[in-house]
Amino acid sequence: FKMCPGRVLCKLPCSGEKEVDLAVQSAKAAFKIWSQMSGMERCRVMLEAARIIREQREEIATMETINNGKSIFEARVDIDISWQCLEYYAGLAGSLAGEHVQLPGGCFGYTRREPLGVCVGIGAWNYPFQIACWKAGPALACGNAMVFKPSPFTPISVVRLAEIFTEAGVPKGLFNVVQGGAATGQFLCHHPDVAKISFTGSVPTGMKIMEMAAKGIKPVTLELGGKSPLIIFSDCSLENAVNGALVANFLTQGEVCSNGMRVFVERKILDTFTKEVVKRTQKIKIGDPLLEDTRMGALINRPHLNRVQGFIKQAKEQGAEVLCGGDLYVPDDPKLKNGYYMRPCVLGNCKDDMTCVKEEIFGPVMSILPFDTEEEVLERANATKYGLAGGVFTRDIQKAHRVVAALKAGMCFINNYNASPVELPFGGYKSSGFGRENGRAAIEYYSQLKTVCVEMGDVESVF
């Protein structure tokens, strides 16, 4: 593998209506086999897939870095989370069960947790392999099949995941990959044999998918965008809060939906915090993401880089101050000269009504906003259409729990940020979507409940 920034890695044909139908029909046939297997049988196959991923961690991480542009350091973490996800749901596969309910007169009822059928997963380009595992894990554990469409900007690594599932022993066609953009996604959403759609991506696209799913009464899981608040109180551990702010803004070049891009800092420590954040941001190593010491790679493509640059330009026009970064970065290595690099940016003098504070930038741009009281900052933090995540840094544990209880967000962090253990549900409030990835909660979104009522005597006639 070699880095080839700005160059075509490979060409893949888009899947049209015919190819989508073939993928769905293949998955439908595999579903008949997989859904009849016991949970323990499915568990063993999924554990084997997790083992292969763990064994090939370095190769897959390298593929993901080239696929996406993130640092190899981060890509390894993504791959670890991926195999952990499959292990977690493999463990749950054998424990899925309904309940028995005793009724009067010796009668009883019971529930069965049954798979949905062929589920569709549509992934984003920031965590291609990991998102596919987050969707496939609970889907397959519940007995479903899946047809997955990666982003056309990152089509490569999910194909490897499909190969790994096959090597692990899933029925042929159980996890199929189709390639393409919006048209391919539409064919998937409208297909009559698709039982459920799980989408990770932007709010506008999520709205369109929900509209298409409604026509077929298909359940959806939507994990959409965010403009999450990170609240730094003066009684925090300053070093830990600075670390948290950097993690909350600059992972994967800032291309993370849950990022805490609105950093609210109590005025007492505003200058100290800002000075330290700027100093640390300027030290972030940018460049070839395959190098061990690189901490920030390239953005996904030229249009997105231009879009992020446009937000910074507009922020300056609206009165924000660029405290560091924001400009294009050209690495010394000539082979990287066409890469989509920029220096991570910290904006000061920000106001709540600025575009850079209101809209999701999806790039390495941190906005710092001062506040004076807890009541004030909570009102401002919640004044957004989004509700994916939120964080608080404070040594006062009562305050911490009080603040996260008041935040209108689905994923909250206390004295850390962007941790995503597979054991905990992940998802948003408001326009950030609904449904949950990960944790036991995801089982609810990849299965359906059947109720059976058993009469032990004769039915009493009322006619």
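The values are calculated or read from the model by the stated rules, or taken from the named source; none is laboratory data. Note that this is a predicted model, so its numbers are computed, not measured. Backbone-built Cβ (ideal geometry, glycine too); neighbour counts: all protein chains shown. Keep in mind that these areas ignore ligands, DNA and RNA; they rest on the heavy atoms of the full protein, side chains included. Shrake-Rupley method; radii C 1.70, N 1.55, O 1.52, S 1.80 Å.
In region 245-274, the residues that are closer than 22 Å to E376 by Cβ and in contact (Cβ under 8 Å) with a residue 60 or more places away in the chain form Cβ pairs under 6 Å with partners that are open to solvent by 10 Å² or more (accessible area, probe 1.4 Å) and of a type in the set (F, W, Y), at six or more places apart or across chains, as follows: A248/Y417; G260/Y417. If you go through region 60-103 and keep only what is over 13 Å from N126 (Cα atoms) and among the charged types (D, E, K, R), you end up with R76, D80, E87, E99. The residues listed here are I300, I209; of these, the one that is under 20 Å from W125 (Cβ atoms), in the same structural domain as I66 (by the TED database), under 24 Å from the mean Cα position of the chain (by Cα) and not in a strand (DSSP E or B) is I209. Residues in region 353-370 include at least one that is in contact with an Asp or Glu (Cβ under 9 Å, 6 or more places away or on another chain), open to solvent by 10 Å² or more (accessible area, probe 1.4 Å) and either in a strand (DSSP E or B) or free of Cβ contacts under 8 Å to residues at least 40 places away in the same chain (or both). Going by the conditions given, is L407 open to solvent by less than 30 Å² (accessible area, probe 1.4 Å), under 11 Å from S228 (Cα atoms) and more than 19 Å from the chain's Cα centre (by Cα)? It is true that L407 is open to solvent by less than 30 Å² (accessible area, probe 1.4 Å), under 11 Å from S228 (Cα atoms) and more than 19 Å from the chain's Cα centre (by Cα).
The numbered conditions (1) open to solvent by 10 Å² or more (accessible area, probe 1.4 Å); (2) in contact with a strand residue (DSSP E or B) (Cβ under 8 Å, 6 or more places away or on another chain); (3) among the small types (G, A, S) are all true for G169 except (2). Residue pairs whose Cβ atoms lie under 9 Å apart, separated by 6 or more positions or on different chains, with the first residue in region 63-89 and more than 20 Å from L290 (Cα to Cα) and the second among the aromatic types (F, W, Y), are C85/W134.
Restricting region 172-192 to residues that are open to solvent by less than 20 Å² (accessible area, probe 1.4 Å) and in a helix (DSSP H, G or I) leaves a set whose member that is farthest from M212 (Cα to Cα) is T184.
Taken over region 56-74, residues that are open to solvent by less than 20 Å² (accessible area, probe 1.4 Å) and more than 15 Å from G287 (Cβ to Cβ) amount to 5. Going through (1) modelled with pLDDT of 95 or more; (2) open to solvent by less than 70 Å² (accessible area, probe 1.4 Å) one by one, D333 falls short only on (1).
Which residue out of S202, S151, S157, S198 is under 25 Å from N68 (Cβ atoms), assigned by the TED database to the domain that holds E74 and surrounded by fewer than 18 Cβ atoms within 10 Å (Cβ to Cβ)? Spell out the reasoning first.
Numbers: S151 fails: surrounded by fewer than 18 Cβ atoms within 10 Å (Cβ to Cβ); S157 fails: surrounded by fewer than 18 Cβ atoms within 10 Å (Cβ to Cβ); S198 fails: surrounded by fewer than 18 Cβ atoms within 10 Å (Cβ to Cβ).
Going through S202, S151, S157, S198 in turn, the sole match is S202.
Is there a residue being assigned to a strand (DSSP E or B) and among the basic types (K, R) anywhere in region 393-402? Can you show your working first?
Here is the first cut: in region 393-402, the residues assigned to a strand (DSSP E or B) are 393.
Retained after the next criterion (residues that are among the basic types (K, R)): none.
Looking through region 393-402, none of the residues is assigned to a strand (DSSP E or B) and among the basic types (K, R).
Hey, any hits in region 6-20 for a residue that's without any contact (Cβ under 8 Å) to a residue 40 or more places away in the chain, open to solvent by 40 Å² or more (accessible area, probe 1.4 Å), not hydroxyl-bearing (S, T, Y) and not in a helix (DSSP H, G or I)? Explain how you work it out, then say what you get.
Kept after step one, since they are without any contact (Cβ under 8 Å) to a residue 40 or more places away in the chain, are these residues of region 6-20: 8, 11, 18.
The next check asks that each one be open to solvent by 40 Å² or more (accessible area, probe 1.4 Å); those that pass are 8, 11, 18.
Add one more test, that the residue is not hydroxyl-bearing (S, T, Y), and what stays is 8, 11, 18.
So of that shortlist, the ones also not in a helix (DSSP H, G or I) come out as 8, 11.
Checked against the condition, which is being without any contact (Cβ under 8 Å) to a residue 40 or more places away in the chain, open to solvent by 40 Å² or more (accessible area, probe 1.4 Å), not hydroxyl-bearing (S, T, Y) and not in a helix (DSSP H, G or I), region 6-20 yields at least one hit.
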